[in-house]
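Let me begin by presenting the structure, written as structure tokens, before commenting on it.
The values are calculated or read from the model by the stated rules, or taken from the named source; none is laboratory data. These numbers were taken from a predicted model, which means no experiment stands behind them. We place every Cβ from the backbone using ideal geometry, glycine too, and count neighbours over all the protein chains shown. Side chains are part of the model used for accessible areas, which takes the heavy atoms of the whole protein and leaves out ligands, DNA and RNA. Shrake-Rupley method; radii C 1.70, N 1.55, O 1.52, S 1.80 Å.
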Amino acid sequence: MEKGKISSLQMGMIMYLTIMSTAILTVPGITAKYAKQDLWLSPIWASLVGFMTLFIVMRLSKNYPQQSFFQICEHTAGLYIGKLVGFIYVCFLAYVTGQIIRSYADFILTVYLPQTPISVIVISMTVLAAFTVIGGLEVIGRVSQIFFPIFFFSIFIIIILLIPKLNLSYLLPIMEDGILPSLKGAIIPQIWFGEFFLIIFLFPFLSDQSKGRKWGMITIFMVLFTFVTANLIVLFILGQNIAGTLYPFLKATLFVNIGDFIENMDPLIIALWILGSFVKITVFYYVTALGIGQWLNLTDYKPIVWPLGILIVQLSFWSLPNLMVINHHDETVNPFLGLLMQTLIPLLLLGISSIKKKVKPVKI
Amino acid sequence: MKWGIFFCVLIIIGVIILYEWKTIKTYPKKDRITFFILLIIAGALSLFDLPNLPGPVTLLESIFQPFGNFMESL
């Protein structure tokens with residue numbers, strides 16, 4: 001189905017952009033609502049979910065080498081239940097793709113293009129992503145190889161420019177009400193760390209599979225590092241006002257002012273958001289199309305990319321009339337849905353497969 | 001029901017079929033059926049006023065309601 005091969009390093013870059021692109025803008029605000037000034041501790045707890053997911057994914061792909069996730073489902077849970085689980089995963093991936101496109105469009109709409117109809121933003125991004133998906137995994141790998149340095153260094157340039165404005169006293173008191181608020185704040189970032197689950201779809205196409213684990217670990221540490229740094233910077237700039245803001249990192253960027261000359265850095269953030277979201281949408285779109293192909297044992301996923309595009313655009317609007325509903329949904333449903341689909345069900349599959357390995361059928 | 005959206009989606013579906021016809025002809029039957037089923041679902045969904053129609057989001061919200069209440073109590 002997919003003939004392209006990517007290296008483990010490219011996989012790491014894909015995963016970094018997939019996770020960091022939306023996380024850096026939206027997550028600090030929601031985390032701060034629960035964790036207050038301890039929000040920089042929350043990603044550290046949340047990364048445990050990431051390590052666990054990576055461990056599960058690596059063990060599954062070691063037990064079933066060169067097999068797709070849907071084949072693993074069928075091997076462990078039986079043909080019919082395996083197909084059913086596969087169907088749930090296909091629906092989940094399509095649904096998540098729709099949600100990501102919607103959150104991308106909402107940001108562009110509120111910050112940059114308030115007069116444009118939302119459907120124009122959604123459809124233009126979907127068409128662009130569809131062309132990349134048809135290009136295949138190698139194209140996605142190369143795209144993220146080009147975008148990764150731009151994304152990574154731009155964020156750190158912004159952080160360096162913000163250094164004169166930092167107020168370190170906002171950090172205190174550390175753990176005022178014990179460890180619990182920071183643990184509550186970790187409920188939201190764990191969705192992003194759980195997205196390392198997508199490695200299971202990319203793993204069979206790695207040219208150097210032995211290095212997959214190493215680069216997966218490095219990516220988790222990089223994501224953790226960026227997460228903690230971004231949260232700390234936002235905290236040092238905005239203090240206790242983070243909880244009320246939708247996009248705290250964008251608001252913090254507005255404070256950049258060096259000698260009245262280097263200022264108004266917010267277009268850079270918008271560019272980074274478009275660039276990162278493009279990779280994220282493409283990866284989820286690709287995984288959905290590939291997933292449908294693998295689930296139904298099709299010969300190729302490419303013909304279904306365009307029909308799937310219409311469905312994804314429709315899913316991004318379905319039952320989501322406005323930003324209020326979306327934010328409520330993000331906070332009440334997605335943390336548990338993400339944990340269940342990305343970590344707990346793969347853990348269950350791993351458990352079944354290891355039991356099956358130990359209990360060998362008795363020959364009569 | 002908005003006829004404008006429905007006809008736009010119909011035109012897009014027509015363009016997709018025209019564009020993919022040459023390649024899809026050579027694929028096995030299963031691929032062609034999947035292709036057309038996805039297009040039919042897309043066409044059928046465009047008949048409704050989607051933002052205000054109960055859908056997967058409503059289903060998930062009712063499934064995860066206890067957890068949602070837990071999040072709101074934090």
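Inside the range B:11-20, can you point out the residues that are more than 8 Å from chain A (Cβ to nearest Cβ) and either farther than 19 Å from residue A:130 by Cα or open to solvent by 90 Å² or more (accessible area, probe 1.4 Å) (or both)? Passing the criteria: B:11, B:18. Criterion first (over 30 Å from residue A:252 (Cβ atoms) and crowded, with 24+ Cβ neighbours inside 10 Å) does residue A:55 satisfy it? No, not satisfied. For the range B:21-52, a residue qualifies if it is open to solvent by less than 90 Å² (accessible area, probe 1.4 Å), within 9 Å of chain A (Cβ to nearest Cβ), over 24 Å from residue A:89 (Cβ atoms) and within 19 Å of the chain's Cα centre (by Cα), and the qualifying residues are B:43, B:46, B:51. The set of residues in the range A:336-361 that are hydrophobic (A, V, I, L, M, F, W, C), more than 9 Å from chain B (Cβ to nearest Cβ) and open to solvent by less than 50 Å² (accessible area, probe 1.4 Å) comprises A:341, A:345, A:349, A:350.
Residue by residue, here is whether (1) open to solvent by 50 Å² or more (accessible area, probe 1.4 Å); (2) β-branched (Val, Ile, Thr) holds:
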position	(1), (2)
A:70	no, no
A:82	no, no
A:88	yes, yes
A:91	yes, no
A:96	no, yes
A:117	yes, no
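For residue A:183, the stated conditions do not hold, so it cannot be described as within 22 Å of residue A:136 (Cβ to Cβ) and touching a residue at least 12 places away in the same chain (Cβ under 8 Å).
Using the structure shown, decide if residue A:263 is more than 12 Å from every other protein chain (Cβ to nearest Cβ), out of contact with any Gly (no Cβ under 6 Å at 6 or more places or on another chain) and among the acidic types (Asp, Glu). Yes; evaluated as a whole, the condition is true for this residue.
May I ask you to list the residues in the range A:179-217 that are open to solvent by 30 Å² or more (accessible area, probe 1.4 Å) and under 22 Å from residue A:46 (Cα atoms)? Please lay out each step first, then the result.
Narrowing the range A:179-217 to residues open to solvent by 30 Å² or more (accessible area, probe 1.4 Å): A:179-180, A:183-184, A:187, A:192, A:207-211, A:213-215, A:217.
A:179, A:180, A:183, A:184, A:187, A:192, A:213, A:214, A:215, A:217 - these are the residues of the range A:179-217 that are open to solvent by 30 Å² or more (accessible area, probe 1.4 Å) and under 22 Å from residue A:46 (Cα atoms).
Considering only the range A:273-306, how many residues are open to solvent by less than 30 Å² (accessible area, probe 1.4 Å) and outside any helix (DSSP H, G or I)? Of the residues in the range A:273-306, 3 are open to solvent by less than 30 Å² (accessible area, probe 1.4 Å) and outside any helix (DSSP H, G or I). Taking each residue of the range A:322-335 that is within 7 Å of chain B (Cβ to nearest Cβ) and closer than 19 Å to residue A:243 by Cβ and looking for partners that are of a type in the set (Phe, Trp, Tyr) and open to solvent by less than 40 Å² (accessible area, probe 1.4 Å) with beta-carbon atoms closer than 7 Å, six or more apart or interchain, yields A:332/B:64.
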